[in-house]
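Trainee: Sharing a structure here in structure tokens format.
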Amino acid sequence: MKIYILSLTYNGCDKLKRLRPGLLRNLEKCGKEWKWLIRINGENKDVTIEEIESWNDTRIKLLNAGKRM
């Protein structure tokens, strides 16, 4: 069974940076395959996209305005 997590954000770089360590720690503990889908809502005005891309984790997918990036 694969676990999918969907997060919606708008200018949420700081919140995602705080959420990521605990979320990843708990997902690793469960021992299941997982994907974290992060959707950017609207015209992002901070560095959320750049931050997510810098994580270089193939399990984390960035979605923007309904389109895969």
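Each reported figure results from applying straightforward, stated rules to the coordinates on display, with no laboratory input. What you see is a predicted model; the values in this text were computed from it and never measured. Cβ atoms come from the backbone with ideal geometry, glycine included; neighbour counts cover every protein chain shown.
Trainee: Between Lys35 and Arg59, with labels modelled 7 Å along Cα→Cβ, what's the label distance in nm to one decimal, could you check?
Mentor: Distance between the two pseudo-spin positions: 1.4 nm.
Trainee: What value, in deg cm²/dmol to 500, does the helix sum -39500 (n - 2.57) over DSSP H runs of n ≥ 4 give at 222 nm once divided by the residues of the chain?
Mentor: Calculated mean residue ellipticity at 222 nm is -11500 deg cm²/dmol.
Trainee: For Asp46, which sequence-distant residues (separation of 5 or more, or a different chain) have an amide H within less than 5 Å of its own amide H, given hydrogens modelled in the peptide plane?
Mentor: Residues meeting the criterion, in which the H sits 1.01 Å from N, are Asn11.
Trainee: At most 16 other Cβ atoms within 10 Å and a DSSP loop assignment: could you name the GluC sites (Glu not before Pro) in segment 1-68 that fit?
Mentor: Passing sites in segment 1-68 are Glu43.
Trainee: Something else about it: Of all DSSP beta bridges located in the chain, what percent are antiparallel, nearest 5?
Mentor: Of all bridge pairs located within the chain, approximately 15 percent are antiparallel.
Trainee: OK, next. Taking Cα pairs under 8 Å and at least six residues apart, what relative contact order does the chain come out at, in percent?
Mentor: 40
Trainee: Next question, about the same structure. Of the lysine pairs in the chain, how many meet both conditions: Cα atoms under 30 Å apart, and a spacing of 8 or more in sequence or different chains?
Mentor: 27
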